[in-house]
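> One structure coming up, written as structure tokens, with questions to follow.
We did not get these values from a lab; they are worked out from the coordinates using the rules stated. Just so we're clear, the structure is a prediction, and the values are computed from it rather than from any experiment. Using ideal geometry, Cβ is built from the backbone for each residue, glycine included, and neighbour counts are taken over all protein chains shown.
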Amino acid sequence: MIDYDFLSASGLEEALNYLYKLNQVKVIAGGTDILVNIHNKSKRLPEISYLLDISNIGTLNFIRQVDHYVEIGPLVTHSGLMHEPLVKEKLPLLSCAAHYIGSTQIRNRGTIGGNICNASPAADLLPPLIALRAEVELTYRKGKRVLSLEEFLAGPYKTKIQINELLTKIRIPLPGDGYYTDFQKIGRRKALSISRLNLAVVVKIDEENIFRDARIVPGSATPYPQSLPGVERAVNGQSIHKINIEEIGRIMSEEVVSVTGIRWSTPYKKPVISTLVQRALKEVIKEKSKNE
Amino acid sequence: MKYHQVNKSVNRVDAYEKVTGKAKFAADLSFPDMLYAKVLRSRYPHAKINKIEIKRALTFPEVKALLTATDIPNNEFGVIIQNQQVLAKEYVYYIGDGIAVVAAETEEAAERALELIEVDYKELPGIYDPEEASKEKALRVHPELKDNQVIHHLLRKGNVNDGFTKSDIILEREYSTQFIEHSYIEPEAIVAVPYDDNHLITIYGSIQNPFSCQNAVASVLMVSLNKVRIIQNHIGGSFGGKDEVMSAMAARASVLALKTKRPIKMVNSRYESILESYKRHPYKMKYKIGASREGKLLGMEIQCIADSGAYACQTPFVTWRSVVQATGPYSLSNVKTDTYGYYTNNVYTGAMRGYGTPQTIFAQESLMDELAGELNMNPAEIRLKNIYHNNSITASGQKLDNHEVSLEEVIEKAAKESGYYKKYELYKNNKSKPGDIKRGIGMAISFRGCSLGAEAVDAAGAIVAIQKDGSILISSGLAENGQGLKTVLSQIAAEELGVDMKRVIYQELDTSISPDSGSTVASRGTILGGNAIKEAVVKLKSMLLEMMAKKYKMRKDYIIIQDDYLIDRKTEKKLLSFEETVSLAYQEGLCLSAFGWYKAPDISWNEETGQGRPYFTYVYGCQIAEVEVDTGTGKVDLLKMTAAHDVGRAINPACLKGQIYGGVMMGMGYGLMEELETDKGYIKNANFDEYLIPTIKDMPEINPIIVENPDPNGPFGAKSIGEPTLEIGAAAIANAVAQATGKRIRHLPLNLERVLLGYSLSKGGRKK
């Protein structure tokens, strides 16, 4: 059994003060990961003396558009991402991915901030957020800093957050005109299913029908979600009519294996990640053709 | 015949208290001075226990008692073979073996005290594969036994070699199935109360089979049966799973209760439940089949090896049902079947809905499709060519002459409703179609012996007590396990008596009141329990009619009871209301209570030959699965299941459909995703985050088709439904997937990896 004291902060300053003053504090919002880890005495759980509940800090729960960015508060739940019109309209990739998470109950409690800070290799929001070039704002008592999400992630279940910092904002640049997105997920059942593999694709198709600025991020494929420059390069500059999609699939799976090495799951994941990237690109091309 | 109470979808009698949350389950119960107990389980799948140091745990605050094996009066129990340990004594034989149990003022204190018990183990090599265990020089799981064999059943009919010689085609195939967790939604829970109402011990709990629990506890305590009282609570699912594991829990709680003289409550967490409770047997099966060019079956040779795990538990009977039914419902002159169970150091295996048939049906029905493929025949056609009909002789030599053998009917009805023939042709040329998404349709059929058969004594009792105001109490020695037995038996009692079912209240099973009717297993609740209830009602009715005949100076058989009135059959004139009649009988000093007893018709079995009449009647079913397979990822989507089941007579069609829906879902889990994974005896997925069962979102469209051919031995013709619904689904799905992909998978479950690659993967590496 794990002993800890439970703290509840009603404002950001109070939370930051706790983080500054106390040691071995673990932040809890929805609790869908941490409560399970505490219950299971998970090895992933650091030594904790305090659980700091931030779920009552109203100022961390927002979704708004600021210039060319959508800004999302860390306390926004997966259900919030699914249903908020701004996200649905401007970032359909994100609301689509949120749809696949857990169950209704988990989506009602689990938050985007928690999904990011837990940094699971199978997290459903991380590939789309990375592909969307999301940035995270980390606040501490005396200031704040901003990192790209990809930079923020440091390993499986590891991030670069400091012990006195709190994730206070997720900032997503709006993809401009001509951008298309797609999300693919394979699980073992239709709900309450941890991704066996997932994939987020964000790509621009220009007036000449040429792929530009491809961002291809698989989940559950690499030790932690990351974009794959090799396959992105292979896509960029190709015409949507002439691209050899099977070849892209092959490059994708080889790049994934070059990151992970041959593992017990490779015989399955290698062909399937190829299938997923091919499907995603086909979807994107179909969508583009529909718009013409 | 027109029915008034049965054959109707009346509300379940326990629905209101369950949906309003008023129903009390064992974990809801509380008694004054109650203590909480927790079990320390093994660290290794196989080890010698050198020493158990309990001093520190005993002095932990709030700890009131601590037991190890030496505190248990008689440490070994079992329904068939008494070799299951209440607590591990010298050896732990599997990872779920209990070593010590602590009672404390709080559950938390009990759990903390467990951490203070120091066990000095000597880890031993174990045996984790039943085929390995079968070898002559194999390490013995139980050193005192001469080998690892739990049981061997055989069946011989004709000469199988003659059959193969005459065959134009012979196929030999190997199939295997996995460990399955019952996944009842309510984990095990018990409260044991000492010295209560003249009983040494009273046990409340989530117990599927109160009488086997009573037997086990009395035997462990070494006291007579009448000192042990089991009162069954509402039960949150069981599916065969709350038998021996509950007996062990009840025995531990009882010894603690007597030692502390205080009530003891024990509730397992899900993790504890999956770790300790027995599972469905994994089978390894070798099938050889011979047939003529025209598809007539000429010989079948079968070998099944079941993993019994650490204890014998129900393996002898589970593998017996397999030996009887392993050929499936096909006429064959030449059959040679052997089924075996072997001890290993895996988690032990026991009863689970289906009981030795989902495994063999998966093999036999896959094989029939493979044979159809080789002969270029339609799978339905090859089945129709070989199935049992009225007066067919089964593999065990039984002539099916006392009930309607309705296989053809269930196949045709399911085929028609699912559009089987058309779809089969449509999906046939999948290969030439573009895209990764392929559809397939597949069928599986079964015959299933109702009730226990030659396993054990097959009889059941009931008490019907008419109160002086005309209300009625009934009780039965068979248990409500969530399947709807209370409702169905209340309907049967009311129908037979000619009164409204609202008069009837069904009492909870209490072993000190209810007649020992054996276990509520083998889909025998309705057929055995219903007959016993009917028998009691017939006695009371006869007594009432006799009294009325005297009073009205009429012939007894001219009076009937209908719609709560005693009626002159000829003139249809109401003579007296049921209440007035009962009141009169009470005034006259007549006995308004009756006991009913029903003993199943005679059966026989020759262990030497596997010939006889193993069951007194059978049910028949056909399920047809339609799937969509993503051949790019291995994902199988079960779109639709059409399930036709002959139940004899539907006492409550709504409850019956509920059984079909649930059975199809469990069959789907068995076929597509469920697998308790073990690694050298360690359980790798001991919680629902990793042990995956289907969710409501995975539920396919299910079309239940109730087929009714009343059975002369069933109450109003009713037979069985619980198990038949589960046993054939996985086979039907596997056949549909094979059609969709053109590839045959012979190992369950058909998970992503198997469907894509043909083999499964796990952290240990590649599996079959």
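> Please go through the residue pairs B:Lys157/B:Lys422; B:Lys89/B:Lys261; B:Lys486/B:Lys553; A:Lys21/B:Lys763; A:Lys88/A:Lys286; B:Lys64/B:Lys680 and name each one whose alpha carbons sit more than 31 Å apart in this structure.
Too far apart for the 31 Å limit: B:Lys157/B:Lys422; B:Lys486/B:Lys553; A:Lys21/B:Lys763; B:Lys64/B:Lys680.
> Sticking with this one: Of all alpha-carbon pairs in chain A, indicate the percentage at a distance above 37 angstrom.
Looking at chain A, the distances longer than 37 Å represent 15 percent of pairs.
> I would also like to ask the following. Amide H neighbours of B:Tyr91 under 5 Å, at least 5 residues apart or on other chains, H built in the peptide plane: list them.
Placed amide hydrogens put B:Ile49 under 5 Å from B:Tyr91.
> Using the Karplus curve 6.51 cos²θ - 1.76 cosθ + 1.60 with θ = phi - 60°, work out ³J(HN,Hα) for each residue of the stretch B:691-705 in order, rounded to whole Hz, and write x for Gly and Pro.
Coupling constants for the stretch B:691-705: 8, 9, 10, x, 9, 4, 5, 8, 4, x, 5, 10, 10, x, 10 Hz.
> Size of the dipole of the stretch B:14-166 about the Cα centre, Lys and Arg at +1 and Asp and Glu at -1 on the beta carbon, nothing else charged, in debye to 20?
Numbers: 21 positive and 25 negative charges, 110 e Å.
Dipole size: approximately 520 debye.
> Using θ = phi - 60° and the Karplus curve 6.51 cos²θ - 1.76 cosθ + 1.60, what whole-Hz ³J(HN,Hα) does each residue of the stretch B:360-365 get, with Gly and Pro shown as x?
Computed from phi, the couplings for the stretch B:360-365 are 5, 5, 4, 5, 5, 6 Hz.
> Oh, and also: Let me know the whole percent of all Cα-Cα pairs from the stretch B:278-371 that are separated by more than 24 Å.
Result: 22 percent of Cα pairs exceed 24 Å.
> Can you tell me the dipole magnitude for the stretch B:207-364 around its Cα centre, using point charges on the Cβ only (Lys, Arg +1; Asp, Glu -1), in Debye to the nearest 20? Could the numbers behind the result be given before it?
Numbers: 19 positive and 8 negative charges, 87 e Å.
Charge dipole of the stretch B:207-364: 420 debye, to the nearest 20.
> Apply 1/(1 + (r/R0)^6) to the Cβ-Cβ distance of B:Tyr421 and A:Arg64, taking R0 = 60 Å, and write down the FRET efficiency to the nearest 0.05. Present the calculation step by step, with values, prior to reporting the outcome.
Details: r = 59 Å, r/R0 = 0.98.
Working from the Cβ atoms, E equals 0.50.
> Related question: How many angstrom lie between the C-alpha centres of the stretch B:37-73 and the stretch A:252-268?
The stretch B:37-73 and the stretch A:252-268 have Cα centres separated by 46 Å.
> Is there a pair in B:Lys288/B:Lys431; A:Lys41/B:Lys684; A:Lys185/A:Lys282; B:Lys18/B:Lys599 whose C-alpha atoms are over 25 Å apart, and which pairs would that be? Present the calculation step by step, with values, prior to reporting the outcome.
Numbers: B:Lys288/B:Lys431 29 Å; A:Lys41/B:Lys684 16 Å; A:Lys185/A:Lys282 15 Å; B:Lys18/B:Lys599 33 Å.
B:Lys288/B:Lys431; B:Lys18/B:Lys599, as the Cα separations exceed 25 Å there.
> Across the stretch B:102-218, how large is the tail of the calculated P(r) beyond 25 Å, expressed as a percent of all Cα pairs? Each step should come with its number before you reach the end.
Numbers: 4467 of 6786 pairs.
Pairs farther apart than 25 Å: 66 percent.
> Within 10 Å of each Cβ in A:226-232, how many Cβ atoms from other chains are there, averaged over the peptide?
Mean inter-chain Cβ contacts per residue within 10 Å come to 0.
> Based on the alpha-carbon gyration tensor of the stretch A:109-157, what equivalent-ellipsoid semi-axes (square roots of 5 times the eigenvalues) come out, in whole Å, largest first? Spell out each step's value before the answer.
Values: eigenvalues 70, 32, 21 Å².
Working through the eigenvalues yields semi-axes of 19, 13, 10 Å.
> Rank-order A:252-265, B:433-446 by packing density, defined as the average count of other C-beta atoms within 10 Å over each peptide's residues, highest first.
Sorting A:252-265, B:433-446 by mean packing, highest first, produces B:433-446, A:252-265.
> Considering Cα pairs under 8 angstrom that are at least six residues apart, work out the relative contact order of chain B and quote it in whole percent.
Normalised by residue count, the contact order of chain B is 16 percent.
> Taking every residue in A:265-272, how many Cβ atoms of other protein chains lie within 10 Å of its Cβ, on average?
Mean number of neighbouring Cβ atoms from other chains: 5.
> Peptides B:183-191, B:42-50: what's the order by average Cβ count within 10 Å, highest mean first?
Going from most to least packed, we get B:183-191, B:42-50.
> Let me ask another. With unit charges on the beta carbon (Lys/Arg positive, Asp/Glu negative), name the residue among B:Gly612, A:Val284, B:Tyr204 whose Cα is farthest towards the positive pole of the charge dipole of the protein assembly as shown.
Of the options given, the answer is A:Val284.
> Counting only other chains, what is the mean number of Cβ atoms within 10 angstrom of the Cβ of each residue in peptide A:188-195?
Across the residues of A:188-195, the mean count of other-chain Cβ atoms within 10 Å is 6.
> Still on this structure, please answer the following. Dipole size in debye (nearest 20) for the stretch A:173-292 around its Cα centre, Lys and Arg Cβ +1, Asp and Glu Cβ -1? Don't jump to the answer; show the numbers that get you there.
Numbers: 19 positive and 14 negative charges, 166 e Å.
That gives the stretch A:173-292 a dipole magnitude of about 800 debye.
> What translational diffusion coefficient, to the nearest whole µm²/s, does the stretch A:27-163 have by Stokes-Einstein, given a Kirkwood radius computed over alpha-carbon pairs, a temperature of 4 °C and 1.567 mPa s viscosity?
84 µm²/s
> Can you tell me the relative contact order of the stretch B:53-129? Whole percent, Cα pairs under 8 Å, sequence separation 6 or more.
Result for the stretch B:53-129 is 38 percent.
> If the stretch B:187-282 were replaced by its equivalent ellipsoid, with semi-axes equal to the square roots of 5 times the Cα gyration tensor eigenvalues, what would those be, largest first, whole Å?
22, 13, 12
> Further question: What nm value, rounded to one decimal, do you get for the distance between A:Asn209 and A:Glu292 when each label is placed 7 Å out toward the C-beta?
It works out to 0.3 nm between the two label points.
> Using a Förster distance of 41 angstrom, determine the FRET efficiency expected from the C-beta separation of B:Ser762 and B:Leu639, and round it to 0.05.
Efficiency computed from Cβ-Cβ geometry: 0.90.
> May I ask which residue of B:Gly482, B:Gln467, B:Ser514 lies farthest towards the positive end of the charge dipole of the stretch B:457-525, with charges of +1 (Lys, Arg) and -1 (Asp, Glu) on Cβ and the Cα centre as origin?
B:Gln467
> Give the Debye-formula value of log10 I(q)/I(0) at each listed q (0.05, 0.07 Å⁻¹), with one equal scatterer per alpha carbon of chain B, two decimals each.
-0.27, -0.52
> So, one more: Can you list residues whose amide H is under 5 Å from B:Glu675's amide H, if they're 5+ apart or on another chain and H is modeled 1.01 Å from N?
B:Leu692
> Using the per-residue mean of other Cβ atoms lying within 10 Å as a proxy for protection, in what order, highest first, do the peptides B:20-33, A:53-66, B:271-284 fall?
In decreasing order of mean packing, B:20-33, A:53-66, B:271-284 become B:271-284, A:53-66, B:20-33.
> Between the stretch B:374-396 and the stretch B:324-339, how far is it from one alpha carbon centroid to the other, in angstrom?
12 Å
> Given Cα pairs under 8 Å that are at least 6 residues apart, what percent is the relative contact order of the stretch B:587-654?
Relative contact order comes out at 22 percent.
> Restricted to Cα positions, what overall size does the stretch B:1-145 have along the principal axes? Three whole-Å values, descending.
The Cα atoms of the stretch B:1-145 stretch 66, 50, 25 Å along their principal axes.
> Stokes-Einstein diffusion coefficient for the stretch B:646-768 at 4 °C in a medium of 1.567 mPa s, Rh from the Kirkwood formula over Cα pairs: what value in µm²/s?
Rounded, D is 79 µm²/s.
> Then there's this: Please give the helix A:245-260 orientation as an angle from the longest Cα principal axis of chain A, in degrees from 0 to 90, rounded to the nearest 10.
Tilt relative to chain A: about 40 degrees.
> Compare the Cα positions of B:Ala351, A:Ala98, B:Gly663 along the charge dipole of the protein assembly as shown (+1 at Cβ of Lys, Arg; -1 at Cβ of Asp, Glu; about the Cα centre) and return the one farthest towards the positive end.
Highest projection toward the positive end goes to A:Ala98.
> Here is a further query. As a test of the definition: which semi-axes, in Å, follow for the stretch A:176-247 when you take the square root of five times each eigenvalue of its alpha carbon gyration tensor? Largest first, please. Could you put the intermediate results ahead of the total?
Numbers: eigenvalues 134, 33, 25 Å².
The answer is 26, 13, 11 Å, longest axis first.
> Now a separate question. Determine the principal axes of the Cα atoms in the protein assembly as shown, then give the extent along each, sorted from largest to smallest and rounded to whole angstroms.
Each principal axis gives a Cα extent; for the protein assembly as shown these are 100, 76, 71 Å.
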